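The values are calculated or read from the model by the stated rules, or taken from the named source; none is laboratory data. Because the structure is predicted, anything quoted here is derived from the model rather than measured. FYI the Cβ positions are ideal-geometry reconstructions off the backbone, even for glycines, and counts take in every protein chain you see. Accessible surface is based on the protein model in full, side chains and every heavy atom, while ligands, DNA and RNA are left aside. Shrake-Rupley method; radii C 1.70, N 1.55, O 1.52, S 1.80 Å.
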Amino acid sequence: MKFDSWYLTDKGLRRDSNQDSCLINRELGLFIVADGMGGHSGGEVASSMAVETVEEIMLQPDAVKKSPREMILLAYEEASKRIFDKAANERPELAGMGTTMVMSYIRGKHLYVGNVGDSRCYLFKRPHLWQITEDHSLLNEQLRAGVMSEEQVRQFVGRNVITRSVGYERDVYPDIIEREIFPGEMFLMCSDGLSGLVDDKRISEILNQNTPDKIVKACVEQALANGGDDNVTVMLLHFHE
C-alpha cells in the first residue's frame, strides 16, 4: 500500500528553543515524535537521544526476524536506559531529563504504534477522528478515575504532569497498539503542543477541511493562533491504493 507523509515542527511563541524531536524514515517505515522535558538542555538531549536510539535499533540486521512488538519494546527499553545512564554517569546536571515518545512502525499491511507519555497518535477516516493512544498523564488518570469532569480540565493545575516517560527512570514499558491499514486512513502524531492547545473537535475539522498535504501546516498554525505556549510538532501519514 502506498502512503504519503508530512511533518512540521515549531518552537512556538513562548519558548526559546525547540525540545521536540522527530523522525521520518520511509525506507524503514518508521515515524517518531518525541517531546523532551528536563530544563533547557535536558529536554533537547533526551528527545534527540530517544529518536536516534530507536532508529539505530530498527536498523539492526536481525530486526526483520523479530516481531514488531519485540522491536518496539527493545527500542523503548534501550532509549530509556541510555538517557537515564547519560544523566547518571556523564552529565549529572541533566538529572531528571526524559521525553515522551510516540512512534508508528509499518510492517506489511499493519501499523504498530508505540507510546510513552502524552504525545498522541490519532486515526482519521473521513469524517471521524479517534485518539488511539492513551495519555500517560496525571490529568488523564484523574479523568479515568472519575474525580474530574471534562469541564474541569482547563482549570486543572497539574495538566502538564506526565506519569510515564522515556529516560526519567531507567526502565520503561510502552503501550503497543497494532492495526491493519486500510486505504483512505490517515494517522496523525503530535506533541502536546498541539493537543494541549487545540481540542479534538477542532483537529477533526482541520482534517476534514484540508487536503492531506496542507493538514500539518494548518494544525501548527492553529496551535500558534491559540497561544503557541509550547513547542509543537505534527506528523501525518496518509495511506492510499
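The condition (being farther than 15 Å from Trp130 by Cα, among the β-branched types (Val, Ile, Thr) and surrounded by 23 or more Cβ atoms within 10 Å (Cβ to Cβ)) is satisfied by just one residue among Val161, Val166: Val166. Taking the range 169-178 as the range and being open to solvent by 20 Å² or more (accessible area, probe 1.4 Å) and out of contact with any His (no Cβ under 9 Å at 6 or more places or on another chain) as the test, the residues that pass are Glu169, Arg170, Asp171, Tyr173, Ile176, Ile177.
Considering only residues that are over 19 Å from Pro212 (Cα atoms) and in contact with a Leu (Cβ under 9 Å, 6 or more places away or on another chain), which ones fall in the range 31-46? Across the range 31-46, the qualifying residues are Ala34, Gly38, Gly39, Ser41, Gly42, Val45, Ala46. The number of residues in the range 85-120 being surrounded by fewer than 22 Cβ atoms within 10 Å (Cβ to Cβ) and touching a Pro at 6+ places or on another chain (Cβ under 7 Å) comes to 2.
Residue under question is Val54, and the condition is that it be in a helix (DSSP H, G or I) and of a type in the set (A, V, I, L, M); does it hold? In short, yes. Just to check your reading of the model, which residue among Gly29, Gly42 is crowded, with 19+ Cβ neighbours inside 10 Å and either touching a residue at least 24 places away in the same chain (Cβ under 8 Å) or touching a strand residue (DSSP E or B) at 6+ places or on another chain (Cβ under 8 Å) (or both)? After applying the criteria, what remains is Gly42. Tyr122 meets all of the listed conditions (1) in a loop (DSSP other than H, G, I, E, B); (2) modelled with pLDDT of 95 or more but one, namely (1).
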